[in-house]
Structures are given as C-alpha cells and as structure tokens.
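Quick note: the coordinates plus some simple rules give every number you see, no bench work behind them. None of the values given here were measured: they were computed from a predicted structure. Here the Cβ is made from the backbone with ideal geometry for all residues, glycine too, and neighbour counts use every protein chain on show.
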Amino acid sequence: MSEHDGPEYWIDVQFACPRRGVPAAPTFRWWAEAALRATQAPAGEMVIRVVDAEEGRTLNRQWRKRDRATNVLSFPGEALAGLPWQPLGDIVICAPVVRTEAAQQGKSERAHWAHMTVHGVLHLLGHDHQSPREAEQMEGIERRLLVEFGYPDPYLWQGGDDTRTAEGSS
C-alpha cells in the first residue's frame, strides 16, 4: 500500500497575513494530511487559514470569549449523510502568536508551525486535552508525527520542562 492509498483529502490553505516566514501551502497540506491519515480520518475537505493578530483576536473573542489572539483555533465541520466525503472543518493559525511562542520556547518556527497544524487537525477530529487521559492520547499522536517530520518532541523545550504549548488553543 503506497502512502497515497486510502481516503482522499482536499485541503485549502489561505493566507490572510504577510507570508514572510510562513510555510508554503504544500507544506501545510503535507502536515495536515499526515495527521488525518494517522488518525484514519474519513475522506473530506478542510481549510487552513493563516491570519494576523487582529483576525486571530477577533475570532478568539467571538468564538471563545477570550480577548486575545491564540495560536490555533479549530472549527469542526458537521457530518453530512450520504456523501463520499465529509466537511472536516477549518483551522485558523495566528502567525504572530506562532512566531512569539516558538521564540519564547526556543523552538524552530517551522517545528512550531507543524505542531500547531497537527494540533488543530486533531481538534477537528474530536481530540482534546481537557483531561489527563485525553491530553496523553492527543499529545502522543502529536509527538509521533513531529518526530516523523524530523522535529523534536513539541512538549519539551529549552527550559527542560514539559510544556502545554497549545493549551490556549481550541
């Protein structure tokens, strides 16, 4: 079975901010598809939207009642009966927050972009980190994928502590 066997995914990547330092659309698609395949998600479509701090703050305030930009927001799609594919949903990643967090945590920006993409996709698929058991399962998938991408464990950083980088995300 080749790496392209299985369900098909349609991933639209939108850039609503300056693209300097932001990975290219095919890279976001690759990361997202890896997360979808790792969790055996059904065939479907999704959007990844990269935004500036203003749009990130507006969306976070509107949907989570938190008046600040956050690293990643997930908006799961609603299942539609009878279709050979499903609307998986949308994730919104805030570029300035990703840059700031990567610098604060001594991580490469690219590794943090990959982590936030995977993290957002997992939320679309119903994964969460509200309980220790849920967090352990979700973080295990994230760790495995990031290592497969060639990046270090996303929850260990220069400070040496286990971080919860994406705690503020939804």
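Restriction of the GluC sites (Glu not before Pro) in the range 68-158 to DSSP coil positions whose beta-carbon has at most 14 other beta-carbons within 10 angstrom yields Glu78.
Per residue, the chain reaches -13000 deg cm²/dmol at 222 nm when only DSSP H runs of four or more residues are counted, each adding -39500 (n - 2.57). Placing +1 on the Cβ of every Lys and Arg and -1 on the Cβ of every Asp and Glu, with nothing else charged, gives the chain a dipole about its Cα centre of roughly 540 debye. For the range 6-114, the list of trypsin sites (Lys or Arg not before Pro) that fall in a loop by DSSP and count at most 10 other C-beta atoms within 10 angstrom reads Arg20, Lys65. In percent, rounded to a whole number, the relative contact order of the chain is 21, using alpha-carbon pairs under 8 Å and six or more apart. Full extension of the chain segment joining Gln104 with Gln130 gains 7.0 nm, where the gain is 0.36 nm per residue of separation less the Cα-Cα distance. In this structure, Ala79 and Asp12 have a Cβ-Cβ separation that, at R0 = 25 Å, corresponds to a calculated FRET efficiency of about 0.85.
Counting only DSSP beta bridges with both residues in the range 9-148, tell me the antiparallel percent, nearest 5. Roughly 25 percent of the beta bridges in the range 9-148 run antiparallel, per DSSP.
Taking amide H as placed 1.01 Å from N in the peptide plane, Tyr151 has no amide H partner under 5 Å among residues 5 or more places away or on another chain. Annotation note: GluC sites (Glu not before Pro) in the range 1-57 located in DSSP loop regions with a Cβ neighbour count of at most 10 within 10 Å are Glu3. Gain on full extension, evaluated as 0.36 nm per residue between Arg20 and Ala53 minus their Cα-Cα distance, stands at 10.4 nm. Expressed as a fraction of 2.2 N^0.38 Å, the value expected for a compact globular protein of N residues, the C-alpha radius of gyration of the chain is 0.98.
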